[in-house]
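The values are calculated or read from the model by the stated rules, or taken from the named source; none is laboratory data. Model, not experiment: these values are computed from the prediction. All Cβ positions, glycine included, derive from the backbone under ideal geometry; neighbour counts span all protein chains shown. In case anyone asks, the SASA skips ligands and DNA or RNA and just uses the protein heavy atoms, side chains included. Shrake-Rupley method; radii C 1.70, N 1.55, O 1.52, S 1.80 Å.
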Amino acid sequence: MTQTYDADISLPTDIPNVYLRALTVSDALALYELIQENKDHLTQFGDYHDLVSWGLQDVEAYLTAPTDDNIRMGIWRGNELVGRVDLVPIETGVFGLGYWLGCK
């Protein structure tokens, strides 16, 4: 099932200066750095071991040609990437929600 969506999408939230924006290859460095800063946090329950093993080139490749049909959004506070939220397609018109936040 291939999902298409507008990669330029940006969604405001009720929290001042916090919004969701589709992740693109231009966000690869910010995403890579956020993942690296949160290795312990992300693997605490065994969920993201594959993700934290990625290098910058792996993140760039994933954002360029994703291996899944998720709708990938960054959670931004101003210009700072602070987390990620994905809509995960289950079946046509039905999605699951996955997210994680950086821990400071």
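The table that follows gives values for the structure above.
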read-out: Residue check, D40 loosely packed, with under 15 Cβ neighbours inside 10 Å, of a type outside the set (A, V, I, L, M, F, W, C) and on the phi < 0 side of the Ramachandran plot; value: yes
read-out: The listed residue being touching a strand residue (DSSP E or B) at 6+ places or on another chain (Cβ under 8 Å) and either charged (D, E, K, R) or under 14 Å from Y99 (Cα atoms) (or both), out of D50, D14, D8; value: D8
read-out: Residue in segment 11-27 that is open to solvent by less than 70 Å² (accessible area, probe 1.4 Å), in a helix (DSSP H, G or I) and among the charged types (D, E, K, R) present; value: yes
read-out: Among residues of segment 13-32, those that are under 16 Å from the mean Cα position of the chain (by Cα) and without any contact (Cβ under 8 Å) to a residue 24 or more places away in the chain, counted; value: 1
read-out: Of all residues making up segment 43-55, the number that are open to solvent by 60 Å² or more (accessible area, probe 1.4 Å) and in contact with a Leu (Cβ under 8 Å, 6 or more places away or on another chain); value: 1
read-out: Strands (runs of 3 or more DSSP E) fully within segment 56-104 counting 1 or more residues that are open to solvent by less than 20 Å² (accessible area, probe 1.4 Å) and within 14 Å of A30 (Cβ to Cβ); value: 71-77, 80-91
read-out: Test: residue in segment 21-32 that is farther than 18 Å from G98 by Cα and of a type in the set (K, R); value: no
